[in-house]
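Here is the structure we will look at.
The values are calculated or read from the model by the stated rules, or taken from the named source; none is laboratory data. These numbers come from a predicted model, not from an experiment. A quick note on method: Cβ atoms are made from the backbone with ideal geometry, for glycine too, and the neighbour counts reach across all protein chains shown. Note: accessible area is taken over every heavy atom of the protein model, side chains too, but ligands, DNA and RNA are not part of it. Shrake-Rupley method; radii C 1.70, N 1.55, O 1.52, S 1.80 Å.
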Amino acid sequence: MYANVVVDADAPGLFQTFTYHVPDALSGAVAEGACVSVPFGGREMVGYIFDLTDTPPEIDGIKDLSAVITDACALPKPLMMLASWMSDYYSAPLAQSTRAIVPEVMSATVNTIVRLIDPERVHPTSTNQKRLVGVLQGADGEMDSDILKVKSGIDKFAPTLRQLRDRGVVEVIRTIELPKAKPRIVNGLQISEMDDLAEPHELSSRAHKQAAILKELAESPIAVRQSELLRRVGTSSSPARALIDKGLAERVKLRVRRQPFATRAVESHADFTLTQGQQDALQIIAEGLNSGTPQTTLLYGVTGSGKTEVYLRSISDVLDAGGSCIALCPEISLTAHLMDAYRARFGDQIAILHSKLSMGERHDEWRRIESGEAKVVLGPRSAIFAPVRNLKLIVIDEEHEPSYKQDHSPRYSARLAAEERARIEGASVILGSATPSLETFYRTSTGEIRLAVLDKRVDDRPMPEVKTVDQREEFAQGRRNIFSEPLRQGIEDRLSRGEQTILFVNRRGYASFILCRSCGYTARCPNCDVSLTYHSAMKLLKCHHCDESMRAPDVCPKCGGPHFKQFGIGTERVEEEVRKVFPEASVIRMDSDTTRRKNAHFQILDAFREGRADILVGTQMVAKGLDFPNVTLVGVISADTILNLPDFRSAERTFQLLTQVSGRAGRGKKPGEVIVQSFSPENYAIKAAAQQDYKTFYDEEIEYRRELGYPPFSRLINILSSDPVDSFAQTRLEDFKSALESRIQSDEITLMGPAPAPISRLKGMYRWHILIKNRGSDGIQQVIKEVLADISQSVRTGLTIDVDPLTML
């Protein structure tokens, strides 16, 4: 038997599996998707079996598979097929695609240790060798190779290490490290099975605590966790030990689940009458589920129209038929918000997956899903890879959100991955949004996917009234405050009536940048071609791209002047202004700075839901999916933030954000109002958002896209070259473009560039890019993979392939 293995090696040109012979001793343990150890490139590596075959390969020297790592998670066949599709579609190495699917805490890794043997053998003229040996000597003679590489700071680390190893100065030890996460095992108690077991009342006269413990054990059909039992009885461990000594109870080991969410009660579901629109949408979705073939349906519903209830009822139908479901939401904050609704409906059948879980929580949830105990999985982008059994439905809420696109290789879209997984497993997909992406809505017009529409809010509640404030007029009248007069008055009215307000700002921090008014100096990131954002609370200047930070200067580093002015508005600044203008109001802020701690999303949203805050200031986190009945005012501090970005999607993103955040107002019985502040209120995206008119915006934007040949009338691929040396980044891309042009035969493919990227330097790397516009030719990704496999390592290194990019930055 032979195994084709995806080897977890970082090599940009490796798109294939590698064949290994399965020795007889392992033949009973191997299976498709199993995690294995294999010899590769002179060392031991971890991999996953893609498939098994009895046909021997047509090459000699096939090596034996070393071991099956049973403690690591195995991948179901559909997920291995999905990894292969991701590799093909996104021109990414197969190992990277597989790694995106496997949770890091559930996979084995190769641990490489460098150990010093005899430093006297180092040639005295080799500076690199001396430096590497010196670092090892300062670390008691051994160190992890990755840490050693960083601490030594040697450019040619691998050749230097190889020279030292060949001369017997060091040895390199590689071991397979098992997954870090393990099941949680605790002490439990169960009643003894002795025939002459004492009745609890026989102990009650002098050992009432023992009697109480024995009574609890007798009434439990299974073993009880000891700590929980002692808490219920209200005693220490001494009576339990006494029962064990008497042979009346016995200690056992219990495997317990780590809870990934706050253990709080949730209200059970109360039936209510569906709107006609919801009934019609459910019928369309049911037809797709019952068709026997994978179907994708766009659920286009205005904000507050009850899309979540349609999701829940569709999932319930799937569960009743014995299937399972994955439900995606774009933000971890929405995962927290939706968890209560899903738990109320589906109880312990629900599992949650997201990056803020601890290693143990992620391990337990993955195993619950894998075993079939959990049949509904809720989470953001990576939850699409959950190992559910009998998958029949995938729900993608807010399908238009850019957070569904991964920003590192493989740069997959969870929406496209969901549709491919549905095709593999015969499942259906629901794409839900009040502001669908243009590409998705266009697909409904061609008949490629189905359309279900919810055009009214539940209970016929009115859409919020939207007012646009022209900030140019405010400035002309001398009002240069963050809050225009209509917005200030609106907040004041809500405070007087005990109603709540959401203020949306699309930037965190205090100010976008600081400027010396004497000489014009602006603090810029030393690693990136961007200004540093000022954070008032910490008195820091921070880069939101590489996380570089420094103390904000008291005087100008260039001219020594003390006159700094802050430009741009962030969430910190708005929060400060709210406290100043409305000192009686309770205000909380929600952005990536305030939600770093675990469960911070829950705590902030709970505080606002329970009325412990009057005003919520936030970034995109507060712009979608949240449902607070007492919010009657939404204020958009600046509608122009995204509109002026150099990106063909800027109008679409502006319309989506404004429409989504406007939809947070008036979701209860009280009518809502939205006040949008803008310096360009005449822009068609802002006007359409103010009117909550998706169709008008779509009709205008789709003609603009058609005229310029942008998606959905073409497919784009952005190829980025990064290097510490600007000329190297440019030359590498020119070489790559030449190799591509020599293979491309179609007139439907256009290559533009190379040109500096909009952010020309990021994290210390200069950046150049070329843009491929494909108007219908097939196979361009395969051409890219062939070029990557053929070009030299020096050209290949530093290239990033982004298929269907959402931004050119």
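Considering segment 773-795, the residues that are farther than 19 Å from Asn718 by Cβ and assigned to a loop (DSSP other than H, G, I, E, B) include one that is farthest from the chain's Cα centre (by Cα), namely Ser792.
The number of residues in segment 452-476 being touching a strand residue (DSSP E or B) at 6+ places or on another chain (Cβ under 7 Å) and open to solvent by 70 Å² or more (accessible area, probe 1.4 Å) comes to 2. Within segment 140-161, restricting attention to residues that are more than 37 Å from the chain's Cα centre (by Cα) and under 13 Å from Leu116 (Cα atoms), which residue is most open to solvent (accessible area, probe 1.4 Å)? So the residue we want is Asp140. Scanning segment 358-371 for residues that are touching a helix residue (DSSP H, G or I) at 6+ places or on another chain (Cβ under 7 Å) and either among the basic types (Lys, Arg) or open to solvent by 20 Å² or more (accessible area, probe 1.4 Å) (or both) gives Met359, Arg362. Annotation note: Cβ proximity below 6 Å between a residue of segment 213-236 that is under 17 Å from Arg257 (Cβ atoms) and a residue that is of a type in the set (S, T, N, Q) (sequence gap 6+ or interchain) occurs for Ala223/Gln190; Gln226/Asn187.
Reported count of residues in segment 578-626, each being of a type outside the set (D, E, K, R), in contact with a helix residue (DSSP H, G or I) (Cβ under 7 Å, 6 or more places away or on another chain) and not in a helix (DSSP H, G or I), is 16. Scanning segment 496-553 for residues that are farther than 23 Å from Arg589 by Cβ, out of contact with any Leu (no Cβ under 7 Å at 6 or more places or on another chain) and part of a strand (DSSP E or B) turns up Leu515, Cys516.
Can you pull out the residues in segment 110-126 that are at pLDDT 80 or above, of a type outside the set (A, V, I, L, M) and either over 20 Å from Arg174 (Cβ atoms) or out of contact with any Ser or Thr (no Cβ under 7 Å at 6 or more places or on another chain) (or both)? Answer for segment 110-126, where residues must be at pLDDT 80 or above, of a type outside the set (A, V, I, L, M) and either over 20 Å from Arg174 (Cβ atoms) or out of contact with any Ser or Thr (no Cβ under 7 Å at 6 or more places or on another chain) (or both): just Arg115.
Ala181 meets the conditions (1) part of a loop (DSSP other than H, G, I, E, B); (2) among the small types (Gly, Ala, Ser); (3) at negative phi; (4) loosely packed, with under 12 Cβ neighbours inside 10 Å in every case but one. The failed one is (4). Out of the residues in segment 25-38 that are assigned to a loop (DSSP other than H, G, I, E, B) and free of Cβ contacts under 8 Å to residues at least 40 places away in the same chain, which is most open to solvent (accessible area, probe 1.4 Å)? By that ranking, first place goes to Gly28.
Considering segment 546-572, the residues that are surrounded by fewer than 16 Cβ atoms within 10 Å (Cβ to Cβ) and under 26 Å from the mean Cα position of the chain (by Cα) include one that is farthest from Val725 (Cα to Cα), namely Ser549.
Within segment 39-68, the set of residues being open to solvent by less than 50 Å² (accessible area, probe 1.4 Å), in a strand (DSSP E or B) and at pLDDT 90 or above comprises Val46, Gly47, Tyr48, Ile49, Phe50, Asp51, Thr53, Val68.
Is segment 516-535 home to any residue that is open to solvent by less than 70 Å² (accessible area, probe 1.4 Å), in contact with a helix residue (DSSP H, G or I) (Cβ under 7 Å, 6 or more places away or on another chain) and at negative phi? Let's see the steps before the verdict.
Initially, segment 516-535 is screened for residues open to solvent by less than 70 Å² (accessible area, probe 1.4 Å), giving 516, 519-523, 525-535.
Remaining after also requiring in contact with a helix residue (DSSP H, G or I) (Cβ under 7 Å, 6 or more places away or on another chain): 535.
Still in the list and also at negative phi: 535.
Checking segment 516-535: at least one residue is open to solvent by less than 70 Å² (accessible area, probe 1.4 Å), in contact with a helix residue (DSSP H, G or I) (Cβ under 7 Å, 6 or more places away or on another chain) and at negative phi.
Is it the case that some residue within segment 117-139 is open to solvent by less than 40 Å² (accessible area, probe 1.4 Å), farther than 30 Å from Arg258 by Cα and in a strand (DSSP E or B)? Within segment 117-139, not a single residue is open to solvent by less than 40 Å² (accessible area, probe 1.4 Å), farther than 30 Å from Arg258 by Cα and in a strand (DSSP E or B). Contact map, segment 759-781: first residue more than 16 Å from Phe736 (Cβ to Cβ), second residue of a type in the set (D, E, K, R), Cβ cut-off under 6 Å, separation 6 or more or different chains; pairs are Ile759/Asp529; Ser760/Asp529; Ser760/Arg767; Arg761/Asp529; Asn774/Arg715; Arg775/Glu748; Gly776/Glu748; Ser777/Glu748.
Hey, any hits in segment 714-737 for a residue that's among the basic types (Lys, Arg) and either touching a Cys at 6+ places or on another chain (Cβ under 7 Å) or under 15 Å from Met808 (Cβ atoms) (or both)?
Applying the first criterion (among the basic types (Lys, Arg)) to segment 714-737 yields 715, 732, 737.
Okay, now just the ones that are also either touching a Cys at 6+ places or on another chain (Cβ under 7 Å) or under 15 Å from Met808 (Cβ atoms) (or both), so 715.
Yes, segment 714-737 contains at least one residue that is among the basic types (Lys, Arg) and either touching a Cys at 6+ places or on another chain (Cβ under 7 Å) or under 15 Å from Met808 (Cβ atoms) (or both).
Selection of segment 224-238 for residues being open to solvent by less than 30 Å² (accessible area, probe 1.4 Å), within 12 Å of Arg251 (Cβ to Cβ) and either part of a loop (DSSP other than H, G, I, E, B) or of a type in the set (A, V, I, L, M) (or both) yields Val224, Leu229.
Test Glu703 against the criterion of being without any contact (Cβ under 8 Å) to a residue 60 or more places away in the chain, open to solvent by 10 Å² or more (accessible area, probe 1.4 Å) and under 25 Å from Leu14 (Cα atoms), and give yes or no.
Details: without any contact (Cβ under 8 Å) to a residue 60 or more places away in the chain: yes; open to solvent by 10 Å² or more (accessible area, probe 1.4 Å): yes; under 25 Å from Leu14 (Cα atoms): no.
No: the conditions fail for Glu703.
Please go through segment 75-87 and give me each residue that is under 22 Å from the mean Cα position of the chain (by Cα) and open to solvent by 40 Å² or more (accessible area, probe 1.4 Å), ordered by number.
Step one: list which residues in segment 75-87 are under 22 Å from the mean Cα position of the chain (by Cα), which gives 75-76, 78-87.
Pro76, Met81, Trp85, listed by residue number.
A count restricted to segment 740-754 and to residues that are in contact (Cβ under 8 Å) with a residue 40 or more places away in the chain and over 34 Å from the mean Cα position of the chain (by Cα) stands at 1. Listed by first and then second residue, the pairs linking a residue in segment 487-511 that is under 16 Å from Pro671 (Cα atoms) to a residue that is among the acidic types (Asp, Glu) and open to solvent by 40 Å² or more (accessible area, probe 1.4 Å), with Cβ atoms under 8 Å apart and 6 or more places separating them unless they lie on different chains, are Arg494/Asp614; Leu495/Glu584; Leu495/Asp614; Gln500/Asp614; Thr501/Asp614. Looking across segment 397-414, the residues that are out of contact with any Leu (no Cβ under 7 Å at 6 or more places or on another chain), open to solvent by 40 Å² or more (accessible area, probe 1.4 Å) and touching a residue at least 24 places away in the same chain (Cβ under 8 Å) come down to Ser409, Arg411. Do the conditions hold for Ser512, that is, is it crowded, with 18+ Cβ neighbours inside 10 Å, at pLDDT below 85 and small (Gly, Ala, Ser)? Answer is yes for this residue.
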